[in-house]
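Nothing in this text is a laboratory measurement; each read-out follows from the coordinates by a stated rule. Note that the structure is a prediction, hence the values are computed from the model and not measured. Note: ideal-geometry Cβ built from the backbone for every residue, glycine included; neighbour counts use all protein chains shown.
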Amino acid sequence: MKLLPLGFCVILLGCNQIPKDKEPKLVVIPEKSTIAVEEKPNIPESALKADFIGNTDSVYAYIKNIDTTKQITLIGFEKSKLPSIPIPESIGAEMKLLKLTNFKNDVLLVNAKLKDTNFNEYYVFVYKDSVWKQPVNRFAIHKSNMSDSLVPITNDAKDSTLLLRYYSVFNMDRKSEKKFTWKLEHERIPIFNDED
C-alpha cells in the first residue's frame, strides 16, 4: 500500500474547507403572505341592480331562464335573496326600474317579449311582505304606438295615489285602407298604498 506524503494530504484536506468570507449564509425566506383579494361576483349581462327590499341593500335581478316551449321567462335574483318571478306567455324580457311615489323600495318594470312581436307587454312588480306583488294589472302597447319618449307607466303628477298608464286599443277605422289601427290610450289608475 502506498502512502501519500503528508504534505499532499494537508493540501487535499485544505481544499475541502470553505474560506470564512465565502461560507454560505442562512437566508430566511418569508412565508407567502396571504393578501385577501375581494372577488367580485359574476353579475349576468342582463342584470339590473336595485333596492327591491327597501332597506338600501341592493340586489341584482337577471333573466334566469327562458323556456321557449312552455313560453315562461323566469326572473331570478342575486344568490336567491328574493323569490323568482315567472312571466307567463313570454320568450324573454327586458327589465327597468321605476321610482313610484308610494313605494320606498325600487319597483321592477318588466317588458315581456311575446311571440307576437307587434306588442310590448308590461308587468309591474313591487316586493312587499316577503312576496312580489303587482300594484297594477299587466298591460300592452302596440309597436305602432311606441316612441322613444313614451314612458309606459309613471306617477300621476296631479295625484300621488294614482299612476298614469298607457296602453293600446283596437280601433276600427272604415276610412283607412287598413280598416283598423291601434290607438294609444292612457288612464289614471289607483295603486295600493305602501303602508297597506
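Over the Cα atoms of the range 118-195, compute the convex hull volume and normalise it per residue, giving Å³.
109 Å³
Would you mind counting up the charge near Thr69? Only other residues with Cβ under 14 Å from its Cβ, with Lys and Arg at +1 and Asp and Glu at -1.
After counting each charged neighbour, the total is 0.
Grab the beta carbon distance between Thr117 and Lys64, set R0 = 22 Å, and tell me the FRET efficiency rounded to 0.05.
The value I calculate is 0.45.
Can you tell me which of 79-92, 97-110 comes out highest on packing, and rank the rest after it, using the mean Cβ neighbours within 10 Å?
So the peptides 79-92, 97-110, ranked by packing, come out 97-110, 79-92.
Could you list which residues have their amide H under 5 Å from that of Phe52, counting only those 5 or more apart in sequence or on another chain, with H placed in the peptide plane?
Here the answer is Val59, Asp106, since their amide H atoms fall under 5 Å of that of Phe52.
Taking a threshold of 27 Å on the Cα-Cα distance, which of the pairs Lys99/Lys133; Lys79/Lys115; Lys113/Lys158 fall above it?
Beyond 27 Å: Lys79/Lys115; Lys113/Lys158.
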